[in-house]
Amino acid sequence: MTEKEKAEKNAKNPKIDDLYMNTEDGSGEAMTTNQGLRVNDDQNSLTAGDRGPTLMEDFHFREKMTHFDHERIPERIVHARGAGAHGYFESYGDLSEFTKAGFLGEKGKRTPVFARFSTVAGFKGSTDLARDVRGFAVKFYTEEGNYDLVGNNMPVFFIQDAMKFPDLVHAVKPEQHNEIPQAASAHDTFWDFISLMPESMHMIMWAMSDRAIPRSLSMMEGFGVHTYRFVNDKGESFFVKFHWKPVAGTHSVTWDEAQKISGQDPDFHRRDLWNAIENGNFPEWEFGVQIVEEKDEHKFEFDLLDPTKLIPEELVPVKLIGKMVLDRNPTNFFAETEQIAFHPGHLVPGIDFTNDPLLQGRLFSYTDTQLSRLGGPNFNEIPINRPIAPVHNNQRGGISRHTINTGQSSYHPNNIGGGCPFQAKMAEGGFVSHHEKIEGHKIRKRSSSFMDHFSQATLFFESQSKVEQEHIISAIRFELGKVKSEDIRERMVGMLTYVNEDLAKGVAEGLGINPITKPTPPLNHSYPADADPKDYQPKEVKPSIQKSDKLSLMAHPGKGIKGRIIAVLADDGVDAKSLEAYKNALKKEGAEAKVISSHSGSIADSNGSAVKVDHSLLTTSSVLFDAVFVPDGAKSIETLHKNPDAIRFVDESYKHFKFIAINGAAEQLWDMTYASRNANPKGVLFDQDVQSFIDSIAQHRIWEREDAMKIPV
Ligand code: HDE
């Protein structure tokens with residue numbers, strides 16, 4: 001293929017073409033029933049006389065109402081709340097040394113993808129800003145069939161064995177007697193369970209960190225979590241961990257903001273993703289792998305099959321092998337984002353499983369759950385789920401079968417159908433499971449190599465910046481502060497002493513626990529009835545590194561300010577030059593400047609030209625923005641500085657460590673703020689050029705602003 005032909009092929013997204021076969025557009029068309037009958041009156045039921053009863057024969061009414069009555073399906077048992085988008089994956093180069101997966105085989109090769117991001121615990125309509133793990137699921141529509149990488153934004157998990165998943169989920173979901181609280185882990189049943197399960201401690205560190213409250217879905221990392229296998233065409237296998245690295249960097253909001261955003265705009269992440277794509281600021285991630293040779297399987301102090309462990313990047317660096325760009329919003333939320341069905345067992349040749357017991361259990365659960373969620377075994381025929389690779393087999397029937405299989409035979413082997421569909425040889429892309437040698441007794445027992453529960457929890461906590469450590473401490477204080485049982489609180493604080501003494505002390509102080517009792521084993525209460533509890537207690541293991549800088553959010557600042565939203569506080573009389581210069585410069589960098597004023601509609605700038613108001617102070621809040629700019633203009637400031645909402649807007653931005661640019665007369669508004677009591681406020685740019693403001697926003701927040709949290713708003 002010539003470069004030109006390749007470019008033309010890349011410009012197309014074959015999955016989008018495939019979806020067009022099922023799109024319906026009613027514009028310019030007459031309304032019909034589901035039978036195609038043209039409808040004349042969609043306003044009135046058919047009744048017997050003017051004021052009489054509705055007639056049974058009103059088939060149009062019955063059809064419309066029946067469809068409506070059945071338009072909900074069960075929401076996902078976990079990850080119910082989500083948002084998704086289409087895009088493409090582009091391979092950086094030939095990875096055939098490690099894997100025969102075609103989509104990774106050639107530089108510049110593009111594969112259509114659909115990505116869905118989600119929270120875990122909340123219901124479908126819950127807030128985006130819950131403190132929670134985020135799902136990060138990507139379906140690659142490859143030429144060899146669908147490949148699903150169903151990951152999270154944290155690289156480890158709460159439990160080591162799938163058997164415990166229903167318990168974990170029951171513990172974190174709203175409590176069974178009163179279905180409270182929604183989308184929150186801050187309640188007794190969750191912490192009761194966790195306090196008895198030391199294997200969860202590493203994941204708890206991640207879940208209580210700022211990773212659990214991302215600023216944007218496009219500003220979080222993604223991880224495959226389990227160790228998978230790559231297999232090359234010689235049949236050689238390599239262990240592999242998958243990573244998504246956001247080009248925009250990893251950034252989060254503060255907990256105070258998260259709670260306020262949940263009220264101001266519970267759709268914050270969904271809206272942010274949607275708007276970014278509509279505005280052409282396409283979210284991007286680089287795809288990376290950590291590859292471990294088979295001979296090194298046992299070289300680490302942790303077990304590669306244990307999903308509560310990560311491989312520090314200092315031990316095995318991440319090799320970047322491609323990029324994902326999300327460039328198209330779904331056409332219909334239900335048809336695409338809701339009906340998409342992921343499954344870690346959707347593989348392509350060149351990728352395979354390991355024996356991680358959490359992964360093994362997932363391989364059962366994902367198809368099983370679609371049967372009740374999507375109503376039967378034909379969910380793979382739903383347009384968003386069907387592969388772009390052709391499907392031929394002898395599966396037949398089932399509820400809502402769409403495919404019309406031709407011919408006489410539906411079995412194999414057959415002679416009547418000429419032996420078709422035939423089995424593909426490996427050289428023809430036939431999938432063969434990796435020939436791993438397995439030997440062992442049939443037992444129910446956790447491997448003793450899985451018993452180190454604290455060393456990586458400690459590694460994570462001690463690798464965080466001071467600010468991040470403080471956030472973890474206050475997150476756990478908040479969560480346990482909502483727990484009613486003192487026993488659970490004390491047990492948790494005791495458990496934390498095994499992670500880090502300062503952490504435990506910090507949490508205990510907030511809970512008024514003094515002195516702290518360091519619990520003596522058994523710490524682990526998850527063991528079989530006939531087992532010796534001693535065999536299940538955490539083992540102390542010396543980690544090979546004490547600190548891993550890559551575990552801090554600060555390690556990935558990203559580049560530029562693409563996707564950031566900047567508030568511009570302005571009113572009638574705003575200085576046209578100052579406003580335009582900032583708006584244009586921000587737009588050029590891929591950020592959006594939104595004009596906020598005392599009223600909706602438009603304001604007149606200093607030249608008398610109308611400026612569209614994006615939000616009135618009544619309909620928005622500082623927590624929905626990344627930074628604030630107050631342009632010059634005496635008349636504009638005259639109005640704003642008398643408005644308590646405008647003053648609070650600036651104060652609250654200051655409290656949340658945001659950069660603030662003040663130009664000319666806007667200093668009068670600044671002087672009205674509580675923040676201005678500090679003679680030397682950090683991160684407030686008085687009359688500086690727009691480039692300094694842009695460079696500041698790229699840093700995301702000014703964490704060195706010590707007095708920020710003292711602002712009483
Ligand atoms: Fe899932 N998980 N999970 N999970 N998971 C589901 O499948 C399950 C786990 C993840 O956007 C369900 O279709 C078990 C780890 C994501 O549609 C269900 C276990 C990781 C999504 C299910 C786990 C994930 C799900 C619910 C432990 C990160 C949302 C609806 C053995 C690597 C995908 C559905 C989407 C969804 C089961 C643990 C990620 C019930 C049994 C670890 C991103 O099948």
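The values are calculated or read from the model by the stated rules, or taken from the named source; none is laboratory data. All values derive from a computational prediction rather than experimental measurement. Please note: Cβ atoms are built from the backbone with ideal geometry, for glycine as well, and neighbour counts cover all protein chains shown.
Tabulated results
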{"item": "Residue list for the range 322-364, restricted to those being closer than 30 Å to residue 26 by Cβ, touching a Leu at 6+ places or on another chain (Cβ under 9 Å) and not charged (D, E, K, R)", "result": "326, 329, 331, 335, 339, 341"}
{"item": "Matching entry among 345, 361 (being part of a loop (DSSP other than H, G, I, E, B), within 15 Å of the ligand (Cβ to nearest atom), at pLDDT 95 or above and out of contact with any Ser or Thr (no Cβ under 6 Å at 6 or more places or on another chain))", "result": "345"}
{"item": "From the options 118, 126, residue that is over 13 Å from the mean Cα position of the chain (by Cα) and within 15 Å of the ligand (Cβ to nearest atom)", "result": "126"}
{"item": "Index of the failed condition, residue 385 passing every other in (1) part of a helix (DSSP H, G or I); (2) under 27 Å from residue 104 (Cβ atoms)", "result": "(1)"}
{"item": "Subset of the range 170-185 [among the charged types (D, E, K, R) and within 21 Å of the chain's Cα centre (by Cα)]", "result": "173"}
{"item": "Strands (runs of 3 or more DSSP E) wholly inside the range 571-627 containing at least 2 residues that are in contact with a Lys or Arg (Cβ under 9 Å, 6 or more places away or on another chain) and either closer than 28 Å to residue 253 by Cα or modelled with pLDDT under 95 (or both)", "result": "592-597"}
{"item": "From 192, 188, 210, residue being within 17 Å of the chain's Cα centre (by Cα) and away from the ligand (no atom under 16 Å from the Cβ)", "result": "210"}
{"item": "The lone exception for residue 653 - which of (1) surrounded by fewer than 21 Cβ atoms within 10 Å (Cβ to Cβ); (2) of a type in the set (S, T, N, Q); (3) closer than 13 Å to residue 711 by Cβ it fails", "result": "(1)"}
{"item": "Condition met for residue 179 (surrounded by fewer than 20 Cβ atoms within 10 Å (Cβ to Cβ) and at positive phi)", "result": "yes"}
{"item": "Hits in the range 178-220 (condition: in a helix (DSSP H, G or I), within 19 Å of residue 554 (Cα to Cα) and charged (D, E, K, R))", "result": "210, 211"}
{"item": "Pick from the range 79-101, criterion within 16 Å of the ligand (Cβ to nearest atom) and more than 13 Å from the chain's Cα centre (by Cα), ranking: surrounded by the fewest Cβ atoms within 10 Å (Cβ to Cβ)", "result": "86"}
{"item": "Any pair with Cβ under 8 angstrom, 6 or more apart, that starts in the range 100-112 at a residue that is on the phi > 0 side of the Ramachandran plot and ends at one that is at pLDDT below 95", "result": "108/6; 108/10"}
{"item": "Flag if residue 167 is more than 24 Å from residue 255 (Cα to Cα) and either more than 18 Å from the chain's Cα centre (by Cα) or of a type in the set (S, T, N, Q) (or both)", "result": "yes"}
{"item": "Single match in 481, 558 (criterion: in contact with a strand residue (DSSP E or B) (Cβ under 7 Å, 6 or more places away or on another chain) and small (Gly, Ala, Ser))", "result": "558"}
{"item": "Sole residue being on the phi > 0 side of the Ramachandran plot and at pLDDT 95 or above, chosen from 430, 407, 494", "result": "407"}
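Every residue, every condition in (1) closer than 27 Å to residue 184 by Cα; (2) loosely packed, with under 15 Cβ neighbours inside 10 Å; (3) more than 30 Å from the chain's Cα centre (by Cα); (4) among the charged types (D, E, K, R), yes or no:
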{"site": "440", "(1), (2), (3), (4)": "no, yes, yes, no"}
{"site": "443", "(1), (2), (3), (4)": "no, yes, yes, no"}
{"site": "454", "(1), (2), (3), (4)": "yes, no, no, no"}
{"site": "475", "(1), (2), (3), (4)": "yes, no, no, no"}
{"site": "483", "(1), (2), (3), (4)": "yes, no, no, no"}
{"site": "505", "(1), (2), (3), (4)": "yes, no, yes, yes"}
{"site": "509", "(1), (2), (3), (4)": "yes, yes, yes, yes"}
{"site": "518", "(1), (2), (3), (4)": "no, yes, yes, yes"}
